[in-house]
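Each reported figure results from applying straightforward, stated rules to the coordinates on display, with no laboratory input. Note that the structure is a prediction, hence the values are computed from the model and not measured. For neighbour counting, all protein chains shown are included, and Cβ atoms are generated from backbone atoms with ideal geometry for every residue, glycine included.
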Amino acid sequence: MPVHQAGFYTKSNLDKLREAKTKGKSVGLLSLGRYIKGKVQSIVWDDQNDVVKVDTDDKQSVKFLGDQITHVNILDK
């Protein structure tokens, strides 16, 4: 569990993705130089990495490895 030096807990990108999935919220995800908005459909462990599947707002399905994800925002909508 990552803790900021000021003593408060900081959520990992994977924690944010899991939270968005369970609450049915959209995410903004920065990965491989692209910013994508959509809903998390699944998070699975595949040998050495977490694999995240996102259905984007423009009706595409995209998969990312956990270590390819730079930043995650949980969106209000």
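Provide the convex hull volume over Cα atoms per residue for the chain, in Å³.
Cα convex hull per residue, to the nearest whole number: 107 Å³.
What angle do you read, to the nearest 10 degrees and between 0 and 90, between the alpha-carbon axis of helix 13-23 and the longest principal axis of the chain?
60
Using label points projected 7 Å from each Cα along Cα→Cβ, tell me how many nm separate residue 43 and residue 70, to one decimal.
2.1
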